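The values are calculated or read from the model by the stated rules, or taken from the named source; none is laboratory data. Bear in mind the structure is a predicted one, so any value in this text is a computation, not a measurement. Every residue, glycine as well, gets a Cβ built from its backbone with ideal geometry; the counts of neighbours run over all protein chains shown.
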Amino acid sequence: MTALHTREQVRPDGPAAAVGTTRIWVGVDTHQQTHHVGVIDQNQTRVANQEFPATEAGYRDLVQYVTSLGTVVAFGVESTGSYGAGLTRHLLVEGHEVYEVNRPEKATRVSEGKSDPIDAYSAATQVLTRKAQGRPKMTSGIVEALRALKIPRDGAVKDRTRAYSQLRDLITTAPAPIHDELIGLSSKKRVARLLRIRPDLTQLHDPLHATRHALQTLARRIRALDQEVTAADKQIAKLVNQACPTLLAMRQVGPQIASQLVITAGENIDRMRSEATYAKLTGVAPLPASSGKTNRHRLNRGGDRQANSALYLLAVGRMKNHPETIAYVQKRQAQGMPKTEIIRCLKRYLARTTYQALRTDLMTT
């Protein structure tokens, strides 16, 4: 066994006496290199706790250890999308019941303090008392592959935008020969022109030649990032067509919007009880903002902001070229509804329809 050490044994009869006779709940306090396990029984009695390496071998030993203490009802794991991702994937593949838990509440911190065993026992208690009911995402299929490909792609897009801004600012303050030549060109034409220049590297003490060299460096960076984004877009589009064709067939839904929505939903979309849960996850569930005689709702600032942005782009796109949406907007405007309220309603409607499409795609894969 690869367990690092045992810090506490609370039951007077010890874990050996509980083998095969006790229903247990397991909490895991996750870290980058180690995970600490806390085990409780149905009376919230602390059975045992132990620390394991955050490796595949450590996950196997962790499961072997807790199953030797009794019949595992469920696991509660912290940070299932980061430090606990590997363990969560291992547990789900083995068919265990897994719930995502929050950090211990402030009252627990005040009364008991802070330690890995305390946090692990708190995670187990949250599952036993049903305070933790959220199911983690499956990360062993095509949706996880999409997420992995999208991370560097989105980073490249941000880097390209930053490089274009630096290029613009450098041209604005450049010596007159460079400024006058480039200031009137579009961003893409600036890059094309700068890729053809030949700065004199022996004259870099001169601001004119130094600026030309700097601009060409930025242009080459932009070209490389363009190629990276283009290649990633092709890879993502291929996987999206395979993972969610029904969603992709919807009006105004392209590969980037579809990939973000399916990543947010997760491959095991059945972990969400209803489309209202999905709406809350994407930050489009309306929040009451009424006062006195005013009865209204406002935009939700919570949820997954990337998914919220995808629904916003979808709503704005349909407001421009989707006849039914245009008619709806005109009707609401005639009733005196402000644009922000209209977009909120559209995003909530789109959350419902995209959820239905995602269920069609993911429940049949």
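Yes/no per residue for (1) at pLDDT below 95; (2) crowded, with 17+ Cβ neighbours inside 10 Å:
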site	(1), (2)
ARG153	no, yes
ALA156	no, yes
ARG160	no, yes
ASP180	no, no
ARG190	no, yes
LEU195	no, no
GLN203	yes, no
Scan segment 323-349 and report the pairs whose first residue is farther than 18 Å from GLY303 by Cα and whose second residue is surrounded by 11 or more Cβ atoms within 10 Å (Cβ to Cβ) and small (Gly, Ala, Ser), with Cβ atoms within less than 8 Å and a gap of 6+ or a chain change. THR325/ALA315
For segment 140-155 the number of residues that are in contact (Cβ under 8 Å) with a residue 60 or more places away in the chain and either at positive phi or of a type in the set (Val, Ile, Thr) (or both) is 2
Looking at segment 256-269, is at least one residue loosely packed, with under 14 Cβ neighbours inside 10 Å, assigned by TED's automatic domain parsing to the domain that holds THR340, over 21 Å from VAL157 (Cβ atoms) and not β-branched (Val, Ile, Thr)? no
Determine whether ALA276 is part of a helix (DSSP H, G or I), surrounded by fewer than 18 Cβ atoms within 10 Å (Cβ to Cβ) and among the aliphatic types (A, V, I, L, M). yes
Please specify each residue of segment 131-182 satisfying the condition of being among the aliphatic types (A, V, I, L, M) and over 17 Å from PRO207 (Cβ atoms). ALA132, MET138, ILE142, VAL143, ALA145, LEU146, ALA148, LEU149, ILE151, ALA156, VAL157, ALA163
Consider segment 35-58. How many of its residues are under 23 Å from the mean Cα position of the chain (by Cα) and of a type in the set (S, T, N, Q)? 1
Of all residues in segment 285-332, count the ones that are in contact with a strand residue (DSSP E or B) (Cβ under 6 Å, 6 or more places away or on another chain) and modelled with pLDDT of 95 or more. 0
Taking segment 327-365 as the search range and keeping residues that are β-branched (Val, Ile, Thr) and assigned to a helix (DSSP H, G or I), which one is farthest from LEU287 (Cα to Cα)? THR360
